[in-house]
Amino acid sequence: MPDEIALKVSNLDVHYKDFQALWNVFLEAQKGEIVSVIGANGAGKSTLLNTIAGLLAPTQGAIECLGEKIDGLPPYKIVPIGITLVPEGRRIFPRLTVYENLIMGSYTPRTRSSRNEALKKIYQLFPVLKDRHNQMGDTLSGGEQQMLAIGRALMSNPKLILCDEISLGLAPVVIKSIYGRLRQINQEGITIVLVEQDIKRSLKVANRAYIMLEGKMVLEGEPSSISEEQVRKAYFGI
Amino acid sequence: MVKYKWPILGVLFVGFATVPVWGSEYVLLFCLLYCLYLAMSQMWNLLAGYTSLLSLGQQAFIGFSGYAVAVLTNYYGVYIWLSVLIGGFFSVLLALFMSLFIFRMRGIYFAIGTWIFAEMLLLWFSNWKYVKYGTGLFIKPPHPPSMTTIYYASLIMGAGATAAIYIILRSKIGLGLMAMRDDEDVSEAMGVEIFRSKLFCFMVGSFITGLTAGVLYVFQIFIQPYKAFAIDWTVILVFIVIIGGIGTIEGPIVGTFIYVLLSQWLAEYAHISLLLLGIIAITIILLAPTGIMGTLHQKTGFAILSPRRL
Amino acid sequence: MESLLQPILNGVLLGGLYAVIAIGMSTMFGIVKLVNLAHGDLMIMSSYLSLVIVAWLGVNPLWSLLGVVPVMFFVGFFIQDFLINRVLGKEMEPPLLVAFGLSIIVQNFLLLIFTPDARSLTTDLAVKTIPLGEHLNLAVLYLVDFLLGGAVILAVYLFFKNTYMGRAIRAASDDEMGASLMGVNTRKIYAYAMGIAMMTAGVAGVLVGMTFTFYPHTGPQYLIIAMGVVIIGGLGSMKGCLAGGLILALAQLLGAHFTSPGYQLLFGYGALLVVLGLRPQGLFGGKI
């Protein structure tokens, strides 16, 4: 069923204390899609992903994922449903080894039994992690850390991955290779929601794209239908 | 409420000032203890609530100054109130000496550092022949002051400490401190000035705490290291301020009343009153972290002695 | 020189005991930045717990560990889950003050039940010594303290290094948000960590009770020892905990040896202040 909905966000409002960060935000991802959300710094993209992942609780609106209502749930109840976030800044565990970082990814009981298979798969996808499996997280290079963060997220056997700024601060060669892996992951049927500064690359890989401006969704469409002017307007307001 | 600020304070002050006239002996005792604890808890409030100096070593000043009073009156025959004053200065000297070590420490280290200093003083005094080791000293001035005189001394401390914290917080120093409390980055930007303000408050705190302890020991006439340098002092001050409302001037005024009431009511079961205070304090931290007056202020805007000049 | 060997030997053995007194506090600081001011009192509470078990069953205090340690796990778990987790946040003061309040509650609760009298857990080990030379004796009880203390620290180390939960606790302490994104319920994990810290305090309480006399107000004295060890060694470092215990105990016993026994604690505090003044992050601690 190609049209099955993996993620549906509707009428979402999010506040940081008195400050409203998201206004009536909506988003939809079909199963197996790559959806890209672009927008300027501070447009609310990370807030959106953090809310879906359960780090923030919305003040209004609904989030449905794979048929379950998840808004307001804490992350430890959301992860077992099959959603994981690769957070901005990677947030790997610096004083755990690469191996330990990875197995932390399969913390939920559902995935513990298949831990070794998942590990094997990830070592195939990112061989460098296998070479460095005994090194501490903070000894890895930026690109390796990003691979570790993605690998760790995959360990939870997710159906939907949310990626926040995965190309930030990385060399173009590394970005290219990571995007190659993302496609590979997507081909296995995992839905991906991408939040990126790198507009060109994320539009190229996406099936559908959203543009955010000042906490609101301003545009939705196929990447090819989004003009440069519309993007410029979203970023610079002109 | 603010409109009636001065009349209310005036009535309160007159009421307290005339206690020896209208109050029974018991009321006098109650008000005396109230004033002394109020002065000391205001000073802990100044340090922990406004200056982010979480001191767990107030007992160092209390014991040190108390012993100064005992030694000066007993061994040197110094006039009793003069020795209380000198005790206050001794307390400041101690604070200066301590600050050499502990002002490099932050937060929790500062708290532990102050406590360890107090413990060291406890050990020193209980092993010191000059002050008769752990057996303690009686404070025996040739002409012991009357209860009424001691009461007025403690009233001066209680009212003085409250006035002092009010004045400090409304001064330039206080503005800087409150800016720091509200916004960490400000403190980074004004490093040296904040350091000076903190040191100043630490000195004021030690001076008033020391003076108050002096008056307290004139009243108690007996000092012993295990009591004088006990952490229990700070425990009481912490509980008073938390229950009343940390970082508000009205907080200790209310908290002290609750403490003195409870401790007098359960006078024969000191540990039960501490047990209750502990439970009340934890409940307050969990449910209303800003204390009674802080919560009242948030809910109704009630504040008589707001240090903010708005 | 000969006469120095005895205080050095005793200092080393006592250092092991100090380390196990401190290990639970050090762990909790490492994980949630909590300085558990009730650590000493909860430790003394387990001394009393052991006293009750010993009086009830008439067994050797070491056997009471089988009861004390599990009970202390639940005590720790509930303290963290019901009290401290609720005030964990950006600011450091509220958890500190909750622990402070808890310390006073435990002390006065013990006073209420057990009266202020001095107690001890008596064993026949207390009088046994092994002669090692003309002027040198090894107190068997101190040896037991040292060995059991060392075993506890080793067990804690292995737990954190090799078990899945140990890794999850480390992960949560490295990056709370990162761990919660893995599906870790970090608050529950902290409660387990506190449970484990209190298990070590349970062992320490029984050992201390066998070695010294205790009364309801002894808690803060051991809290200060624990803080001393942790500060000298560096907060949250396990190696530092052992080293800190040794340094503190040696400073105390050697200081007392050259002056008078009354100054034993004073020398410990002196060593502590020196370390704090020169190297506030401790000998093994990283930058804070």
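The numbers here are math on the coordinates, done by the rules we state, and not lab data. Model, not experiment: these values are computed from the prediction. Heads up, the Cβs are rebuilt from the backbone with ideal geometry, glycines too, and the neighbour counts pull from every protein chain shown.
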Shape of segment B:2-147, Cα gyration tensor, a/c cut at 1.5
oblate
Using eta = 1.002 mPa s and T = 20 °C, Stokes-Einstein with Kirkwood Rh from Cα pairs puts D for chain B, in µm² s⁻¹, at 108
About the Cα centre of the protein assembly as shown, what is the dipole size in debye to 20, counting +1 per Lys and Arg Cβ and -1 per Asp and Glu Cβ, all else neutral?
560
For segment B:1-42 and segment A:44-66, what is the centre-to-centre distance using only Cα atoms, to the nearest Å?
55
Build a GNM of chain C with springs between Cα atoms under 10 Å: which of C:TYR164, C:TYR48, C:TYR18 gets the top mean-square fluctuation?
C:TYR164
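From the Cα trace of segment B:213-310, what convex hull volume per residue do you get, rounded to a whole Å³?
122
Need one number: % antiparallel among DSSP beta bridges in the protein assembly as shown, to the nearest 5.
Details: 27 of 46 bridges.
In the protein assembly as shown, approximately 60 percent of DSSP beta bridges are antiparallel ones.
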As I understand it, the dipole of chain C uses +1 on the Cβ of Lys and Arg and -1 on the Cβ of Asp and Glu, about the Cα centre. Which of C:ASN137, C:TYR192, C:LEU62 lies farthest toward its positive end?
C:TYR192
Dipole of segment C:2-219 [Lys/Arg +1, Asp/Glu -1 at C-beta], most positive-end residue of C:LEU111, C:PHE77, C:THR211:
C:PHE77
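Of B:VAL235, B:VAL71, C:VAL140, how do they rank once you tally other Cβ atoms within 10 Å and put the fewest first?
C:VAL140, B:VAL71, B:VAL235
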Picking from A:ILE199, A:GLN124, A:GLY54, whose Cα lies most toward the positive end of the charge dipole for chain A (charges on Cβ: Lys, Arg +1; Asp, Glu -1)?
A:GLN124
How are the Cα pair distances of segment A:5-135 distributed, in percent, across 5 Å bins from 0?
2, 9, 16, 19, 18, 14, 11, 8, 3, 0
Given a Förster distance of 30 Å, the FRET efficiency implied by the Cβ-Cβ spacing of B:PHE103 and B:ARG170, rounded to the nearest 0.05, works out to 0.75
From Cα pairs below 8 angstrom and at least 6 apart in sequence, can you work out the relative contact order of chain A, rounded to a whole percent?
28
With an 8 Å Cα cut-off and a minimum separation of 6 or more residues, compute the relative contact order for chain B in percent.
30
In whole percents, the bins of 5 Å from zero upward hold the Cα-Cα pairs of segment C:2-219 as 1, 7, 14, 18, 17, 15, 11, 8, 5, 3, 1, 0, 0
Distance between Cα centroids, segment A:163-220 to segment C:210-229: provide it in whole Å.
58
Of A:LYS8/A:LYS204; A:LYS17/A:LYS77; A:LYS31/A:LYS130; A:LYS8/A:LYS31; A:LYS31/A:LYS120; B:LYS172/B:LYS198, those spanning more than 19 Å from alpha-carbon to alpha-carbon:
A:LYS8/A:LYS204; A:LYS17/A:LYS77; A:LYS31/A:LYS130; A:LYS31/A:LYS120
I want to check the label-to-label distance for B:TYR269 and A:GLN187. Put each point 7 Å from Cα in the C-beta direction and report it in nm to one decimal.
7.7
Under the classification rounded if a/c is under 1.5, otherwise prolate if a/b is larger than b/c and oblate if not, where does segment A:67-161 fall, given a ≥ b ≥ c as square roots of the Cα gyration tensor eigenvalues?
prolate
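If you place +1 on the Cβ of every Lys and Arg, -1 on the Cβ of every Asp and Glu, and leave all else neutral, what size is the dipole of chain B about its Cα centre, to the nearest 20 Debye? Kindly include the intermediate steps, with their values, before the conclusion.
Working: 16 positive and 11 negative charges, 84 e Å.
It comes to approximately 400 debye.
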What span do the alpha-carbon atoms of chain A cover on each of the three principal axes, reported in whole Å from largest to smallest?
49, 40, 37
Which of the aspartates and glutamates could be linked to C:LYS90 by a straight reach, that is with a Cα gap under 16 Å, when you skip same-chain ones fewer than 8 residues away?
B:ASP182, B:ASP183, B:GLU184, B:ASP185, C:ASP174, C:ASP175, C:GLU176
Counted neighbours (other Cβ, 10 Å), sorted fewest up, put B:CYS201, B:CYS35, C:CYS241 in the order B:CYS201, B:CYS35, C:CYS241
Could you tell me whether segment C:1-93 comes out rounded, prolate or oblate from its Cα gyration tensor? Rule is a ≥ b ≥ c as square roots of the eigenvalues, rounded for a/c under 1.5, then prolate if a/b exceeds b/c, otherwise oblate.
oblate
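In deg cm²/dmol, rounded to 500, what helix-only [θ] at 222 nm does chain C give when every DSSP H run of at least 4 residues adds -39500 (n - 2.57) and the total is split over its residues?
Working: 11 runs with 207 residues, N = 288.
Theoretical 222 nm ellipticity from helices: -24500 deg cm²/dmol.
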Rounded to the nearest 20 debye, what is the charge dipole size of chain A about its Cα centre when +1 sits on each Lys and Arg Cβ and -1 on each Asp and Glu Cβ?
740
How high is the relative contact order of chain C, in percent, with contacts defined as C-alpha pairs under 8 Å that are six or more residues apart?
37
